[in-house]
1. If you stretched the chain out fully between Val311 and Arg579, how much longer would it get, using 0.36 nm times the residue separation minus the C-alpha to C-alpha distance?
2. Would you please classify the overall shape of region 145-279 from the alpha carbon gyration tensor, given that a ≥ b ≥ c denote the square roots of the eigenvalues, rounded means a/c under 1.5, and beyond that prolate means a/b larger than b/c while oblate covers the rest?
3. Any idea of Arg515's accessible area? Nearest 10 Å², probe 1.4 Å.
4. First select every other residue whose beta carbon is under 12 angstrom from the beta carbon of Gly531; then total the charges, Lys and Arg +1, Asp and Glu -1.
5. Non-local amide H neighbours of Thr481 (under 5 Å, H modeled in plane, Pro and chain starts lacking H): which ones?
6. With the Cα gyration tensor of region 443-593 in hand, convert its eigenvalues to equivalent ellipsoid semi-axes via √(5λ) and list them largest first in whole Å.
7. Leaving out ligands, DNA and RNA, and with a 1.4 Å probe, what % of the accessible surface on region 443-593 is carbon or sulfur?
8. Label-point separation (nm) for Leu17 and Thr92, each offset 7 Å from Cα along Cα-to-Cβ?
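The values are calculated or read from the model by the stated rules, or taken from the named source; none is laboratory data. This one's a predicted model, so the numbers in the text were calculated from it and none came from an experiment. Using ideal geometry, Cβ is built from the backbone for each residue, glycine included, and neighbour counts are taken over all protein chains shown. Heads up: the accessible areas ignore ligands, DNA and RNA and are worked out on the full protein's heavy atoms, side chains in. Shrake-Rupley method; radii C 1.70, N 1.55, O 1.52, S 1.80 Å.
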Amino acid sequence: MGSDVPFRNSLLFRLLLTSVLISLVSIGATAWLTVRSTTVAIQQERGQDLTDDAAIQSTLEGYAATHRSWHGVERTVRNLARSTGRTLVLTTRTRRVLAASRESAAERLPRGESAVIDPLHIAPSADRDTGGTERSSRIDPRAVGPYRLPAGERTALLRAARKEVTCLHDLQKTEAFIVEEPTGRPALRVRGARDVVPPLCASKALGSPTPTEAAALRELTGLVRACGTRNHLRLPRPLTLTADFQVGEDGAAESSPALDDCVEEGRREQLSAHVAPAALLFVTGPPGRATAVFDLSPSGTLRVLLTTGLVLAATVAVTVVVATRLVRPLRALAQAARAPSGRHLPVPVTAKDETGHLAAALNDLSERRERTDEQRRVMVSDIAHELRTPLTNIRGWLDAAQDGLAEPDADLLASLQEEAGLLQHIVDDLQVLAAADAGTLRLHPRVLDLRELVEQTMSAHRATARAGGVETAVLAPGRLTVTADPVRLRQVLGNLLSNAIRHTPPGGRVTLGARRVPGAVAIEVRDTGCGIGEEDLPRVFDRFWRAERSRSRRTGGSGLGLSIVRQLVRAHGGDVLVRSRPYEETVFTVRLPC
């Protein structure tokens, strides 16, 4: 029998997880000691450090972005090699050496290059600020080419920027500072904010392109138009580009990834004559030297002992915590199991593993046992109550006849016979319920014409309904069949009709109907009587239950009719449901499988 506990909540998984954690702690401690003892050896085997590699590549890309050729790069390469301890070789795409940190390194180059230095095709970086746009340029921002401002334009823009700083300080008491962009254009930054300047202090000079920038943007616009023509793109008219190389306001609505690609391609074409050509970078590590792997000095030995002690302490602590959490609910279960009979001690369910399921099952079993005991006590009391009245009447009349206080005439015998019949009815009902509970109730099913059965059952109760002023009706289509025991099914419908007629006032209506539903046949007994309260609906099928708290027989019945209905319907493989709206309608629905 498989467990319904998910594997992630099982005790097996928790024990396995504990073992894995202990193993990982031990392996981690051992690895940490090894790394600490062999730092130099591991650094020699790695061959390159990612931080140094990034600095090398960024420096060389910056050189290429600000120079038209690689002439004079030897000094930069040697400085980088000296600061990082690496051997650097820079070559053309055909592997012609441009610069090398050591002469011997240029003689034997590795098969694959470490990086391609191309300021027009840099690698995307997660740290690069894209200005909030989804697409980021792969052109090095230091490659400015024709956008570099001459000294005169820089001076004019710097003067305007200082005025804005003074305005912000005097009018808004805001601190601002000036930064210089790669093109030489000064940019204003407000401390604590990403945007530049509020409109009050904004200068038109800083917000407009200079003559140098305007000429470069016109050249770029022409290149973008040529690209759009080659790729058959629908370009905005007029096509204008802003200083940050975005399509201007007139064409913003028609901007597309294809147009952005043309802008990028145009910038590369425009900058290609102002940057150094692409080059290959080869990075190798310095010659290594033998290093001791293990440090067995007194300090190293003490470190090993301390680490081992900490691992053992952590293992013991984890084991104690896990074991305690596992044993606590088991102890609670044992205490609940040793509790005196008849006393329910709920076990707190604090886990979702097998122990938690066991605790929940034990709580459920204890509650069911209490409910069963309570039902047994109530049932014994109800049976005694039901049998006491007819037995008291019979004994009373017999004592009166024996003492000569009553004549043993036909009326007395009829009364005694009525009381004896009531006793027999109660006993028969209890016998049917006992057989149904034990699974020994015998059925004799056969194919029945349901309309004929419904008509016969209603005919047997029509006189009682007429005497009470209740109107009756039958709604059942012809050729509707069901396989059932005719005697037991008539008993089911008879009990339901008796209850419906008994609880329907004069002028009301009781309808017995049958219809076919998906996969079953539904028989409905509908009345317009006093109805059943919503709080009483879950109990209508309980044994000896009556809506009248006084348990008076003014409305008849022993309180077993609906219980027998449910047991007989379930014996046929069906079910019975009830819905009610007080003083409007009550409907009992019997569903039998086709």
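1. 89.8 nm
2. The shape class here is prolate.
3. 110 Å²
4. Here the count lands on -2.
5. Long-range HN contacts for Thr481: Leu450.
6. Each semi-axis is the square root of five times an eigenvalue, giving 24, 18, 14 Å.
7. 51 percent
8. Reported label-point gap for Leu17 and Thr92 is 6.3 nm.
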